[in-house]
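Input: a single structure, listed below in structure tokens.
The values are calculated or read from the model by the stated rules, or taken from the named source; none is laboratory data. Since the model is a prediction, treat every value here as computed from it, not as a measurement. Using ideal geometry, Cβ is built from the backbone for each residue, glycine included, and neighbour counts are taken over all protein chains shown.
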Amino acid sequence: MMQQVKNIIQNIEKVMIGKTDIATLSLVALLAEGHVLLEDVPGVGKTMMVRALARSVNASFKRIQFTPDLLPSDVLGVSVYNQKEMEFTFRPGPIVGNIILADEINRTSPKTQSALLEGMEEKSVTVDGVTLQLEKPFFVMATQNPIEYEGTYSLPEAQLDRFLLKMKMGYPNQMEEVEVLTRSQMLPPIDELEPVISLQDLLAMQHQVKTVYVDEAIKYYIVELARQTRENENVYLGASPRASIALMKASQAYAFISGRDFVIPDDVQFLTPYVFSHRLILNSESKYHGITPEQIIDWIIQNTHVPVKKGVIK
């Protein structure tokens with residue numbers, strides 16, 4: 001399994017230069033059966049990351065380009081009357097697939113954004129009272145521009161809570177950007193990318209991630225980190241129990257990728273900012289003083305007792 005993990009990350013690196021950390025975190029979310037929100041300025045490779053991941057695991061790839069006039073039916077699908085058969089036939093929308101790119105998700109209305117909620121949480125869609133189960137794996141990687149950009153809508157809190165991780169791509173450094181130009185001179189690298197594992201292999205890895213051992217002390221540690229966000233004076237709304245579950249599942253996947261069958265505190269500490277930051281709502285005074293969720297999470301990590309148990313947690 002470890003070799004398969006390395007193969008996936010190395011395959012993505014053929015397209016994404018200098019983004020090993022983003023590729024690793026994306027794979028963490030996929031193995032944990034969660035979803036990812038990528039936020040950054042246009043042109044840094046957010047869409048390319050999703051396409052590279054889909055090709056690497058031989059998954060069906062669907063893209064939804066979110067625009068202000070997009071309707072929920074454009075995402076979920078629609079029932080169309082068939083005159084020959086004299087009955088309605090459901091035509092599934094682009095949400096029916098393995099890996100879904102929700103591109104520029106914050107450029108559409110909250111009503112259409114919410115069309116993704118059932119699929120992300122229940123792995124199903126309901127149209128005209130009929131529920132359709134989505135195939136496994138089902139993974140949404142949404143991209144959004146910073147909310148300060150013109151024409152963007154803030155995602156509803158309920159939808160933000162459905163994303164396992166939120167991360168930023170960042171600009172490449174000078175040498176990395178030169179390498180991007182070199183690789184793009186002829187054929188785009190994504191066109192030459194081949195799968196390195198099958199969907200069956202991916203499903204087996206997702207199952208194995210669930211068997212990664214989480215000690216009781218680690219569970220108490222995760223819950224304490226979440227509890228501290230709820231009690232922090234700068235926070236209006238802290239991390240929910242769903243966030244605690246997300247952190248545990250992400251830690252299991254990260255331990256698996258690291259070649260371990262048990263979670264250690266370092267896994268939890270590394271992932272906490274990615275799991276909690278988009279779930280915290282700060283009060284108005286904290287926003288006025290420029291305090292960020294990341295600063296609060298860092299302070300909480302530094303001031304929360306780390307569990308140590310000989311032979312299990314190192």
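Report whether or not A217 is in contact (Cβ under 8 Å) with a residue 12 or more places away in the chain, surrounded by 22 or more Cβ atoms within 10 Å (Cβ to Cβ) and not acidic (D, E). Answer is no for this residue.
Scanning the range 1-34 for residues that are of a type in the set (S, T, Y) and modelled with pLDDT of 90 or more yields T24, S26. Only one entry in E177, E157 is closer than 30 Å to K14 by Cβ, at pLDDT below 90, among the acidic types (D, E) and surrounded by fewer than 20 Cβ atoms within 10 Å (Cβ to Cβ), namely E177. Test G119 against the criterion of being part of a loop (DSSP other than H, G, I, E, B) and within 20 Å of S26 (Cα to Cα), and give yes or no. No. When D267, D201, D191 are checked against the criterion of being among the acidic types (D, E) and touching a residue at least 24 places away in the same chain (Cβ under 8 Å), a single residue qualifies: D201. State whether one or more residues within the range 184-197 are in contact with a strand residue (DSSP E or B) (Cβ under 7 Å, 6 or more places away or on another chain) and either assigned to a helix (DSSP H, G or I) or surrounded by 13 or more Cβ atoms within 10 Å (Cβ to Cβ) (or both). Checked the range 184-197: no residue is in contact with a strand residue (DSSP E or B) (Cβ under 7 Å, 6 or more places away or on another chain) and either assigned to a helix (DSSP H, G or I) or surrounded by 13 or more Cβ atoms within 10 Å (Cβ to Cβ) (or both). Among the residues of the range 60-71, the one identified as more than 24 Å from D161 (Cα to Cα) and either among the polar types (S, T, N, Q) or crowded, with 22+ Cβ neighbours inside 10 Å (or both) is S60.
Restricting K123, K46, K136 to those that are within 30 Å of A255 (Cα to Cα) and buried (at least 18 other Cβ atoms within 10 Å of the Cβ) reduces the list to K46. Here D261 does not fit the description of being surrounded by 15 or more Cβ atoms within 10 Å (Cβ to Cβ) and either of a type in the set (D, E, K, R) or at pLDDT below 90 (or both). Quick one: in the range 1-37, of everything that is polar (S, T, N, Q) and more than 20 Å from Y274 (Cα to Cα), which residue is surrounded by the fewest Cβ atoms within 10 Å (Cβ to Cβ)? The selected residue is Q3.
In the range 264-307, the residue that is modelled with the lowest pLDDT out of those that are small (G, A, S) and crowded, with 16+ Cβ neighbours inside 10 Å is S286. Looking at the range 209-301, none of the helices (runs of 4 or more DSSP H) lying wholly inside it contains 3 or more residues that are among the aromatic types (F, W, Y) and touching a strand residue (DSSP E or B) at 6+ places or on another chain (Cβ under 7 Å).
Within the range 85-125, being among the β-branched types (V, I, T) and within 16 Å of the chain's Cα centre (by Cα) holds for I95, I99, I100, I105. Taking the listed residues L70, L76, L37, the one that is touching a Gly at 6+ places or on another chain (Cβ under 6 Å) and modelled with pLDDT of 85 or more is L76, with no other qualifying. Candidates I95, I22: the one that is touching a Lys or Arg at 6+ places or on another chain (Cβ under 9 Å) and in a loop (DSSP other than H, G, I, E, B) is I95.
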